[in-house]
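**Q** First the structure, then my questions, so here it is.
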Amino acid sequence: MNISHAPSPVKFSSRLKFVSEDDFDEQLWEKDGKEAMIARGEYAHYPWEIESRVKLKPEALTDDIYDCSTVSVDNGEALSSAHLHPGRTLSRHAQKTQEGLASDVSDLSGKGPLHALVLGGRAYKDGKEVASRNLFHMILGVLQHSGVQQISTIWGRKSLQDDGPIRQLYDRASDTWFIHAISRGRDVLSRKDIDRTFEIVDIAPCDSLEPSA
């Protein structure tokens, strides 16, 4: 007998806010800057593998997202956030990555329902997009298999012109993911810009997407 379960209600609602470079830098300055977040273990860093993720911290930062994908899981009090390089992850660390993500979900689950953000990636054809898309599907598979039902996805730059660097910063006080993305030489701010830049824009019911223009 197959029994379906409705998604557990999530008691918090994250804002996914696209901001300008200056606004992002202002938010980062309020955290005492990148170096301070590194010192607190709140920066997902090079070499962009599961071992260099932010694990069970209140806030998180990463940058230089191109063909990589980020996956962040939050329970309203703490989060884990990984910045994953598709080539290294899939060729050498696929099992370790899946186990690490599943472990983080388990560790976070005790405090209540979870939600996740998946961001970044490359969808246009340049020889690297296959690995980028395979990593994306691996991440979604782990989240879904681990019982994370509320997943917001902003993924897959559509063209080379859209493939500028992305930075993301989570602020616990406002429950906001600040996202700075560059496309065609300028900041991605409007909903039109977001939809033009990314192949998938799928926001969980518990979250809100907030363009700045």
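**Q** Can you tell me how many residues within segment 68-88 are within 20 Å of GLU129 (Cα to Cα) and either modelled with pLDDT of 95 or more or assigned to a strand (DSSP E or B) (or both)?
**A** The total comes to 9.
**Q** For segment 129-159, how many residues meet the condition of being farther than 21 Å from ASP207 by Cβ and surrounded by 15 or more Cβ atoms within 10 Å (Cβ to Cβ)?
**A** 8
**Q** Specify which of the listed residues (ASP187, ASP162) is closer than 19 Å to LEU61 by Cα, surrounded by fewer than 22 Cβ atoms within 10 Å (Cβ to Cβ) and either of a type in the set (Phe, Trp, Tyr) or in contact with a helix residue (DSSP H, G or I) (Cβ under 8 Å, 6 or more places away or on another chain) (or both).
**A** So the residue among ASP187, ASP162 that is closer than 19 Å to LEU61 by Cα, surrounded by fewer than 22 Cβ atoms within 10 Å (Cβ to Cβ) and either of a type in the set (Phe, Trp, Tyr) or in contact with a helix residue (DSSP H, G or I) (Cβ under 8 Å, 6 or more places away or on another chain) (or both) is ASP187.
**Q** Among the residues of segment 9-45, how many are without any contact (Cβ under 8 Å) to a residue 12 or more places away in the chain and assigned to a loop (DSSP other than H, G, I, E, B)?
**A** 2
**Q** Based on this model, can you work out whether GLY127 counts as touching a Cys at 6+ places or on another chain (Cβ under 6 Å) and on the phi > 0 side of the Ramachandran plot?
**A** Taking the combined requirement at face value, the residue does not satisfy it.
**Q** Being buried (at least 18 other Cβ atoms within 10 Å of the Cβ) and farther than 19 Å from SER81 by Cα is the filter here, so list the residues in segment 165-184 that pass it.
**A** Correct list: SER183 only.
**Q** List pairs: first residue in segment 96-114 and without any contact (Cβ under 8 Å) to a residue 60 or more places away in the chain, second residue among the basic types (Lys, Arg) anywhere in the structure, Cβ distance under 8 angstrom, at least six positions apart or on different chains.
**A** Final answer for the pair search is GLY100/ARG53; ASP104/ARG53; ASP104/LYS55.
**Q** Would you check if GLY120 is at positive phi and either surrounded by fewer than 16 Cβ atoms within 10 Å (Cβ to Cβ) or out of contact with any helix residue (DSSP H, G or I) (no Cβ under 6 Å at 6 or more places or on another chain) (or both)?
**A** Spelling it out, GLY120 is indeed at positive phi and either surrounded by fewer than 16 Cβ atoms within 10 Å (Cβ to Cβ) or out of contact with any helix residue (DSSP H, G or I) (no Cβ under 6 Å at 6 or more places or on another chain) (or both).
The values are calculated or read from the model by the stated rules, or taken from the named source; none is laboratory data. Note that this is a predicted model, so its numbers are computed, not measured. Every residue, glycine as well, gets a Cβ built from its backbone with ideal geometry; the counts of neighbours run over all protein chains shown.
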